[in-house]
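Reviewing the structure listed below.
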Amino acid sequence: MEKLIVGIDLCDTYTQAAVLGREEAWVLPTVICRKREAEEWSVGEDAYKYTLMGEGVIVDKLLSLAAKEGTSTIASVKYTGMELLKKFLEKVLELVLAEYQEPQILQLVISLKNLEMKLMDGLMDCAVSLGIPRECVHIASHTECFVYYVLNQRRDIWGGQVGMFSLSDEDLRYYELKVSRGPRQMTAWAEHEELEEGFNLSVLDTGSGARMADRILCACGDRFLKKKIFSSIFLTGKGFARTDWAPEFMKQICNRRRVFAEPALFAKGAAYKAESYLRKPGAYPFRCICEGKLRSTVTIEVEKRDAKVQIALASAGESWYEARSVLEVILDGQKEIPLTITPQDPKQKRTVTVPLEGFPDRPDKTTRVRIAAGFLDEKTMVLKIADRGFGELFPKTDAFIRQEVML
């Protein structure tokens, strides 16, 4: 049995899939087609082929359709966007698994340009329904997959500042990565900016359009790279599948810098991230602070064995989507629960109190509460505090509060 570590980059126009250890990636348009006469599905270029032959009906922009909870009617059957996305994901995985003998997916990471809760929940359900255990499926932002790809290259490539341009039909983005060394582990800081100068790749089909696009990229290069020292520059996206259309931009970024072009960078970065889940907790040498990750640590002070200790409800560097914690405590006269929020700059540490309104009035140390913490996004924590009573003397009630806390 061949055990696979898989990364998939899902975008509205193109989808890429990579298996760790395999250089070649799968690239296909994010479209799906159902034949008119039978419920047979095709994806990518095959979907276009059957549609042009008049044998099927095609649906594109599958992520947007699923995210807005849209529907599409094919052969008098109405499909939700998420149903179509599930069928597409199933076909992509079939393409990957067909290359191996008795394959088993150990870990799967799906990379998304934008992390939307409904879409992420739907994709998790899709993967589980396809037979992949939920604990083996994860979702990451493009920015995080950029980090994982770069940090799995030679140290001299990421020892200083790293920049990247991503060019597709959807947009033009610039990414930047810095690594700081701490006493126990290194911290990778990354961010991205969506550029207004983005253009449709069809302009590259003409000489004048290509020259215009070259000038646009040169202006972006001046803005982001000037007066900065970089260890390396990366190029990714369909627009950089070839670079001969942008001679001036290439000349600009290659001046005293190492430049690497990797069209499947996000899918391969997702595979590297998938591999990190197979390591022991704390074994990965980097902490990643970027889109999709928490930038603050949230703690609560409790008394344990006559000593006051801080217990973390969430830690900086955790995925906000996966960060969940549950804690039960006994109240000693408290009418509110104070939380300490510590961002990366300790000087900005602050305390937020959550009032315990509507809870039964009991003697001290006779009320046990359950504190459950989760997140709506990387800046919004949701606390659910429920009364658990205190044995037979004080049975639990239905009292609870739900409080959103901004980090």
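If you take the square roots of the eigenvalues of the alpha-carbon gyration tensor of the range 155-209 and sort them as a ≥ b ≥ c, do you get rounded (a/c under 1.5), prolate (a/b over b/c) or oblate? In terms of gyration-tensor shape, prolate. Placing unit charges on the Cβ atoms of the charged side chains and taking the dipole of the chain about its Cα centre, the candidate lying farthest along the positive direction among Leu65, Ser325, Val43 is Ser325. With a Förster radius of 25 Å, plug the Cβ-Cβ distance of Trp189 and Ala210 into 1/(1 + (r/R0)^6) and report the FRET value to the nearest 0.05. E(calc), rounded to 0.05, equals 0.15. Treating r as the C-beta distance of Lys347 and Asp377 and R0 as 30 Å, the FRET efficiency rounds to 0.80.
Taking every DSSP bridge with both residues inside the chain, close to 75 percent are antiparallel.
Computed from phi, the 3J(HN,Hα) profile of the range 302-309 under the Karplus parametrisation 6.51, -1.76, 1.60 (θ = phi - 60°) reads 10, 9, 9, 6, 6, 10, 7, 10 Hz, with x in place of Gly and Pro.
Once the Cα atoms are used to define both axes, helix 142-151 deviates from the longest principal axis of the chain by about 80 degrees. Rounded to a whole number, what % of the accessible area of the range 1-122 do carbon and sulfur atoms account for, probe 1.4 Å? After summing per-atom areas, the C and S share lands at 47 percent.
Taking all protein chains into account, the per residue accessible area for the range 74-157 stands at 42 Å² (1.4 Å probe). Have a look at Lys61, Lys87, Lys347 and tell me which one the Gaussian network model of the chain (Cα, springs below 10 Å) gives the largest fluctuation. Maximum fluctuation in the GNM of the chain, among the listed residues, is at Lys347.
Placing +1 on the Cβ of every Lys and Arg and -1 on the Cβ of every Asp and Glu, with no other charges, gives the range 285-338 a dipole of roughly 180 debye about its Cα centre.
Helical content of the chain, expressed as a calculated mean residue ellipticity at 222 nm, amounts to -7000 deg cm²/dmol (DSSP H runs of 4 or more residues, -39,500 (n - 2.57) each, divided by residue number, nearest 500).
Since only Gln101, Gly239, Phe375 are under comparison, the one whose Cα sits farthest along the positive direction of the charge dipole of the chain, derived from C-beta charges on Lys, Arg, Asp and Glu, is Phe375. Pairs of lysine residues in the range 261-342 that meet both criteria, 8 or more places apart or on different chains and Cα atoms under 30 Å apart, total 10. Charged neighbours of Leu327, selected by a Cβ distance under 14 Å, balance to +3 (K, R count +1; D, E count -1). Relative contact order of the range 279-407, taken over Cα pairs closer than 8 Å and 6 or more residues apart, is 21 percent.
Got a number for carbon plus sulfur as a percent of the range 270-359's accessible area, 1.4 Å probe? Answer for the range 270-359: carbon and sulfur cover 48 percent of the accessible area.
The values are calculated or read from the model by the stated rules, or taken from the named source; none is laboratory data. Note that the structure is predicted; figures quoted are calculated from it, not measured. Every residue, glycine as well, gets a Cβ built from its backbone with ideal geometry; the counts of neighbours run over all protein chains shown. To get the accessible areas, we keep the full protein, side chains included, count just its heavy atoms, and leave off ligands, DNA and RNA. Shrake-Rupley method; radii C 1.70, N 1.55, O 1.52, S 1.80 Å.
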